[in-house]
Amino acid sequence: MIKQTILNLAVGILIVSCAGEAQISSTDNSGFVDSLMNEMTLEEKIGQLNLPSSGAFTTGEAANSDIAGKIKKGQVGGLFNIQQAARIREVQKVAVEQSRLGIPLIFAMDVIHGYKTIFPIPLGLSCSWDTELIEKTARTAAREVSADGIAWTFSPMVDISRDPRWGRVAEGNGEDPYLASEIAQAMVRGYQGDDLRDPTTIMSCVKHFALYGAAEAGRDYNTTDMSRLRMYNDYFPPYKAAVDAGVGSVMTSFNEVDGIPASGNRWLMTEILREAWGFDGMVVTDYTAINEMIDHGMGDLQQVSALALKAGSDMDMVGEGYLTTLKKSLEEGSITEADIDRACKRILEAKYKLGLFEDPYRYCDEERGSKEIFSDENRQFARETAAQTFVLLKNEDNILPLKKGGTIALVGPMADNKLNMNGTWSVAGQHDKAISLKEGITNVAGDDVKIVFAKGANIVKDAKLESRISVFGKSTYRDDRSEDEMIKEALEAAKQADVIVAAMGEASEMSGESSSRSDIELPATQRKLLKALLETGKPVAMVLFTGRPLAIKWEDENVPAILNVWFAGSQAGDAIADVLFGDVNPSGKLTATFPQNVGQVPIYYSHKNTGRPLADGKWFQKFRSNYLDVTNEPLYPFGYGLSYTTFDYKNLNLSGEEISMDGELKVSVEVTNTGTVDGAEIVQLYIRDLVGSITRPVKQLKGFEKVKLAAGETKTVEFTLTENDLAFYHHDMTFKAEPGKFKVFVGPSSAEGLEGEFTLN
Ligand code: BGC
């Protein structure tokens, strides 16, 4: 039974809806929230700001205790990391029937790249450059999780990162603000749909605001420090894009921004987010981020909690700083009741928008869940999606695609490794149901192909390191045999085969949160195996699993074919086999630069020219900006990726030589599939602003389109540039374009393309 107060107010909502519009406005809460707040005690308002974890899964120290008791006392606003409609219904019942006002809880989860049906990790998804596809993955995840009781996801993560040492590059969309912004909006649309009251949509939470991806030295949770110009031009755009798309909530980041940790940073959470960008949803802190301000050196729990509330952080995840200190702070005058009311109101408004006051159980739809969650249809979609995210890095002598015939030696620690297919942040994923590569090859090639399998190596040799990369129970299947014994077995397998498929790379937990690496090469024990396999003289195709760009210069120089598959999710094995055998032609392109070695990091395509640039094609020039021991080039540039066919770019055409501030310029190019198989090409447009009042990057992505081309087919691809595409933030933080000359490049990657020029008047 819903409590009388809520019931009365809810009847009010229905009357409003019957009397007027066909549907209740999801933003106008028609005085409902204010009326409810009039009924609430101070303690109950503070209680709404509290977001504990159910304790089933934690990323920090605190698993909260006695949650049911707190819910009854009105001390909990929401709960996360609890799954299954039946369990959630039970907990919701406690809130609705046993707390004084019966305010429903909001249930959340990190649904990052799928709920039970797991899609590729976000970095992989971004390599499809297909925003419609990405939107549909979020939509599918929302449909699954919303049937299982959850109405709020902590996604998308849109932190720009240019440091592959940082394990969380896996969770983001790479290095580029333009592409990442398009993806951020697609994800928000996918989760939230057009109307949050639709019970198949959920509230999205863009994170981690802000700059988390710029952690110094790639070490997770480390300090960030950058100029405001860089923040505004390179790091803020994807968060702002999500806000523009109507994201319902924002999560603070752990790091400091301009010397103040994000959760307590009023400039960030109020002046930028709300006043400049117009965000009117709720802000949740990251896990214990308020408490962590004590270690940041901002004061004791009393002080940092007041600081966070004043800054504009509405909901306190896990740490209970708000719950335990705000009343005293109010008595002492360091916060006001209006501060508490503001935060409480935003949380209640979010619940209202989701329709929880009308029906607290509306997201517990066991019947729909039993049909939709992990359905054949969703898994088929995951398989098709995954194949779009793979990046063919090298393919000498057309080793790929493989023939569906003969004998394949399938070797490597990732070849028969179900538990490591889903990748980081697949909290609800059923790892043991993921399709391994070995299964996938059998599923796709059937009896036509004979597979001889050998593990060949462990993921890493050091057992202690291996224990650090399997803390979440995803076994790495450690083998106790010696390196030599395992290699010997692999060579036996290789001897019988026509071709060797080497499945190698990182375990799932080598990327993601708290998984930074200072060495981003292929683990030495795997490289040793690879060398031995190459020495057989048999053709080797390497299938590379990774959650970050790796420094694989040696592999690039020695292995004839490399297919990068990231962590491809539930249907990984099938999707990889689809591509290996050519049923699907790979079309993914990198969204993060692969360095030659870790010393080049941070390396990204949209760098500045400097006053001493290296001449094109040169390596070392004394007193120019370069290294003694490595060229400035990346191993694989942003936007790079091969296909089983080839594409030719011709006839770059600009609609004029000049464009006015309110005008537009059409840029078109003819792209031809010059090979013998059908394929898809991601056509990319970059600009360079040749002279500016502040220095401008050597290239900036401003458009892209994925075109399908049958063998021999030509299509004209057209882009439109307007002033907005040419604008940037200035010292005074105004966003405008400056008249002058621009270059435009259209091509297959950030490193190649046809070139034109125009003037902005
Ligand atoms: C992560 C967030 C995540 C939260 C809740 C934190 O450790 O940084 O991305 O949403 O935990 O699980």
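The values are calculated or read from the model by the stated rules, or taken from the named source; none is laboratory data. What you are looking at is a predicted structure, and each value in this text was computed from that prediction instead of being measured. For neighbour counting, all protein chains shown are included, and Cβ atoms are generated from backbone atoms with ideal geometry for every residue, glycine included. For the accessible areas, the whole protein counts, side chains as well, though only heavy atoms, and no ligand, DNA or RNA atoms are used. Shrake-Rupley method; radii C 1.70, N 1.55, O 1.52, S 1.80 Å.
When the accessible area of the range 678-742 is split by element with a 1.4 Å probe, what percent falls to carbon and sulfur?
Carbon and sulfur: 50 percent of the exposed surface of the range 678-742.
With no solvent and one equal point scatterer placed on each C-alpha of the range 562-700, evaluate the Debye formula and give log10 I(q)/I(0) for q = 0.15 Å⁻¹, two decimals.
So the normalised log intensities are -1.04.
Taking all protein chains as present, what is the carbon and sulfur share of the accessible area of the range 102-218, in % to the nearest whole number, probe 1.4 Å?
Carbon with sulfur: 42 percent of the solvent-accessible area.
Modelled label-to-label distance, Glu367 and Lys327, 7 Å Cα→beta-carbon offset: nm?
Inter-label distance under the simple model: 4.4 nm.
Consider all pairwise Cα distances in the range 349-425 and report the whole-number % of them above 15 Å.
I get 79 percent for the Cα pairs in the range 349-425 exceeding 15 Å.
Using Cα positions and a limit of under 18 Å, work out the lysines in reach of Lys702, with same-chain residues fewer than 8 apart set aside.
Of all the lysines, those that pass the test against Lys702 - Cα under 18 Å, at least 8 places apart if same chain - are Lys240, Lys589, Lys608, Lys666, Lys736, Lys741, Lys743.
Over the alpha carbons of the range 431-556, what is the largest minus smallest coordinate on each principal axis, giving the biggest first in Å?
The Cα atoms of the range 431-556 stretch 42, 33, 28 Å along their principal axes.
Given the convex hull of the Cα atoms of the range 647-760, what is a quarter of its surface area in nm²? Don't skip to the end; give the middle numbers.
Numbers: hull surface 27.2 nm².
One quarter of the hull surface, i.e. the mean projection, equals 6.8 nm².
Accessible area per residue for the chain in Å², computed with a 1.4 Å probe and the full protein assembly in place, what is it?
Values: 27840 Å² over 761 residues.
Heavy-atom SASA per residue in the chain reads 37 Å².
Pop out the carbon and sulfur fraction of the accessible area of the range 350-419 as a percent, whole number, probe 1.4 Å.
On the way: 1100 of 2610 Å².
Whole-percent figure for carbon plus sulfur exposure: 42.
Under the rule of -39500 (n - 2.57) per DSSP H run of 4 or more residues, summed and divided by the residues of the chain, what mean residue ellipticity at 222 nm is obtained, to the nearest 500 deg cm²/dmol?
On the way: 22 runs with 220 residues, N = 761.
Dividing the helical sum by the residues of the chain leaves -8500 deg cm²/dmol.
Relative to the longest principal Cα axis of the chain, at what angle does helix 483-495 sit, 0 to 90 degrees, rounded to 10?
Helix 483-495 sits at roughly 60 degrees to that axis.
Ranked from highest to lowest mean number of other Cβ atoms within 10 Å per residue, what is the order of the peptides 386-396, 620-630? Could the numbers behind the result be given before it?
Values: 386-396: 23.3, 620-630: 11.5.
Output ranking for 386-396, 620-630: 386-396, 620-630.
Starting from the Cα of Lys93, draw a straight line to each of the aspartates and glutamates and keep only those under 20 Å, dropping any in the same chain fewer than 8 residues away.
Correct list for Lys93: Glu44, Asp66, Asp148, Glu358, Asp359, Asp365, Glu366, Glu367.
No solvent, one uniform scatterer per C-alpha: report log10 I(q)/I(0) for the range 376-593 via the Debye equation at q = 0.09 1/Å, two decimals.
-0.30
To one decimal place, what Kirkwood hydrodynamic radius in Å is obtained for the range 587-626 from all pairs of distinct Cα atoms?
Numbers: mean 1/r = 0.0824 Å⁻¹.
Here the Kirkwood hydrodynamic radius works out to 12.1 Å.
Can you tell me the orientation of helix 376-387 relative to the chain, as the angle in degrees between its alpha-carbon axis and the longest Cα principal axis, to the nearest 10?
50
Would you mind getting me the FRET efficiency between Arg481 and Gln380? Use the beta-carbon distance for r and R0 = 45 Å, nearest 0.05. Could the numbers behind the result be given before it?
Details: r = 38 Å, r/R0 = 0.84.
Efficiency computed from Cβ-Cβ geometry: 0.75.
When ranked by the protection proxy of mean other Cβ atoms within 10 Å per residue, highest first, what sequence do the peptides 512-519, 424-431, 659-666 form? Please report the intermediate quantities before stating the final value.
Numbers: 512-519: 18.0, 424-431: 22.5, 659-666: 15.0.
Ranking, from highest mean packing down: 424-431, 512-519, 659-666.
Mean shadow of the range 48-162, computed from the convex hull of its alpha carbons, in nm²? Before the final figure, lay out each step's value.
Details: hull surface 33.4 nm².
Hull-based average projected area comes out at 8.3 nm².
Counting Lys +1, Arg +1, Asp -1, Glu -1, what net charge surrounds Ile373 among other residues with beta carbon under 9 Å of its beta carbon?
Taking every other residue near Ile373 into account, the sum is +1.
Straight-line reach from Lys353: which lysines have Cα under 16 Å away, leaving out those fewer than 8 places along the same chain?
Lys345
Counting pairwise Cα distances across the range 404-445, what percent come out greater than 15 angstrom? Walk me through the numbers before you get to the answer.
Values: 401 of 861 pairs.
Cα-Cα pairs in the range 404-445 separated by more than 15 Å: 47 percent.
Please report the equivalent ellipsoid semi-axes of the range 476-530, computed as sqrt(5 x eigenvalue) of the Cα gyration tensor, largest first, in whole Å.
Working: eigenvalues 132, 33, 21 Å².
Square roots of five times the eigenvalues give 26, 13, 10 Å.
On a 29 Å Cα-Cα criterion, which of the cross-link pairs Lys371/Lys715; Lys70/Lys328; Lys404/Lys433 come out too long? Please report the intermediate quantities before stating the final value.
Details: Lys371/Lys715 41 Å; Lys70/Lys328 19 Å; Lys404/Lys433 25 Å.
From the list (Lys371/Lys715; Lys70/Lys328; Lys404/Lys433), the Cα-Cα distance tops 29 Å for Lys371/Lys715.
Quickly rank 633-641, 365-373 as a protection proxy: mean count of other C-beta atoms within 10 Å, highest first.
Details: 633-641: 22.3, 365-373: 16.1.
Per-residue Cβ counts within 10 Å, averaged per peptide and sorted highest first, yield 633-641, 365-373.
Enumerate the whole-percent occupancy of each 10 Å bin, from 0 to the last occupied one, for all C-alpha pair distances of the chain.
All Cα pairs considered, the percentages come to 3, 14, 23, 25, 19, 11, 4, 1.
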